[in-house]
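The values are calculated or read from the model by the stated rules, or taken from the named source; none is laboratory data. The shown structure was predicted, so the numbers you read here are calculated from the model rather than taken from an experiment. Neighbour counts run over all protein chains shown; Cβ positions are idealised from the backbone, glycine included. Surface areas here come from the heavy atoms of the whole protein model, side chains and all, with no ligands, DNA or RNA. Shrake-Rupley method; radii C 1.70, N 1.55, O 1.52, S 1.80 Å.
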Amino acid sequence: MRERIDCDVAIVGGGIVGGSAALFLRQARLSVTLLERDWCGAKASGVNFGGVRRQGRPLEQLPLSQRAHAIWGRLPDLLGTDAEYIRSGHLKLARSEPDLASLIDYRERSQGFGLGLEIVTGEAFRRRWPALGDRAIGGSLCPEDGHANPRLVSPAFARAAAKLGAVVREQTPVDRVEKDGDRFVLLSGDALEVRARFLLNTAGAWSWRVAEAFGEPVPLESLHPNMAVTEPLPRFLDVNIGVEGGGVYGRQVPRGNMVVGGGRGFALDADRARPQRDAVLTLMRDAAELFPQLRHAHVIRCWTGVEGYTPDRNPIIGPSRTTPGLFHAFGFSGAGFQIGPGVGQTLAELVTGGETPMPLEAFSIDRFPPTA
């Protein structure tokens, strides 16, 4: 016999966005059912680098990023764990004078958002971070950015929502979704039917399926981050590292392991991906130029995942253009970890009050033509 659940809000996707939205909706006393096809936080939210950074984001993302920054500071109260979140600072390196000029320009353009960016070059740079190699000539420090363990924090949001009374169903794929009058109907095989007044589409790289079901096809591409972690090493790095122009990023956790990322894995099929050996070798070679301590370090694990990318690398956040009561939040293009809790809170506002103080125009699904 098929189980039936009636609720105020159904959420498809249990990553950091869907889990945080469920938590904030329960705090607003709405009934919530969250359906996750795998395990909560196991997809992009759990396999990313773990950088919790505002620096370097497009300016239109910074209001949401600042909102998320405040939420990250309350993790123990919200989730009962700090999820190894550390405000270590985020140092974005310049490897050339044009890179440095770009960092200075970003500092000027982002003034007013409270990032507190500090440009450090020359001897001051060498004295402050003597362990870095000679490849970098300077950098931009955002002192209150940092990093966390995505395998801990992402599922913790869904658990906290469940503790407040949300129905969280893992290993529950949504096979069919439609609207029947004023109710959304979600079916998971012959086992479960969920009916809800509102629907949140937070299914990551698979969100296009929900959007398409309501006449909103979007050009979403799946890409696969390339990650590796070393054996524990003597502590040499106290900041989360990025590089202007991309290529390599790294952070050292308190245990001494160095987490590095860069390059791409490859797809096995539409739902799975694997690390690519040559990409891992290239990553470690490039990382050793920035971090000489890695030249003889052993890599103990490498991994990848599936992330959804939009053509303009900005997410889709906000109401459906075709279906009242449907809200989208996906396409974070490899940068959804830090901003995710702020998006979840914003979705909760849209559901409970119909509006939000967050500027979302840049993230409208309307910016893609209906025939995309």
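Quick notes on this structure:
- Spacing of the two label points (7 Å from each Cα toward its C-beta) at Asp190 and His298, in nm: 5.1 nm
- For the chain, the longest principal axis of the C-alpha atoms and the axis of helix 340-353 are separated by about 30°.
- Applying 1/(1 + (r/R0)^6) with r as the Cβ-Cβ distance of Gln171 and Arg235 and R0 = 51 angstrom yields a FRET efficiency of 0.80.
- Most mobile listed residue (Gly263, Gly181, Gly250) in the chain, GNM with C-alpha springs under 10 Å: Gly181
- Label-reachable residues, the range 148-169, where backbone N falls under 19 Å from a point 7 Å from Arg29's Cα toward its Cβ: 161-167
- Rolling a 1.4 Å probe across the protein heavy atoms gives the range 1-48 an accessible surface of 37 Å² per residue.
- Inter-label distance for Gln111 and Arg277, nm, one decimal - labels placed 7 Å from Cα along Cα-to-Cβ: 5.3 nm
- When the solvent-accessible area of the chain is split by element, carbon and sulfur atoms take up 50 percent of it, the probe being 1.4 Å.
- If the chain linking Glu361 and Glu221 were pulled fully straight, counting 0.36 nm for each residue of separation and taking away their Cα-Cα distance, it would gain 48.2 nm.
- Every helix of 4 or more DSSP H residues in the chain counts as -39500 (n - 2.57), and over all residues that averages to -8000 deg cm²/dmol at 222 nm.
- Across Phe236, Phe157, Phe330, mean-square fluctuation computed from a Gaussian network of the chain (C-alpha pairs under 10 Å connected) peaks at Phe236.
- Within the chain, DSSP assigns beta bridges of which about 65% are antiparallel (rounded to the nearest 5).
- The distance between label points at Ile137 and Ile104 comes to 1.1 nm (points 7 Å beyond Cα on the Cα→Cβ vector).
- Across Asp190, Asp99, Asp82, mean-square fluctuation computed from a Gaussian network of the chain (C-alpha pairs under 10 Å connected) peaks at Asp190.
- Cα-based helix-to-principal-axis angle, 62-72 vs the chain, degrees rounded to 10: 90 degrees
- Folded to 0 to 90 degrees: helix 16-27 orientation relative to the chain principal axis, Cα: 50 degrees
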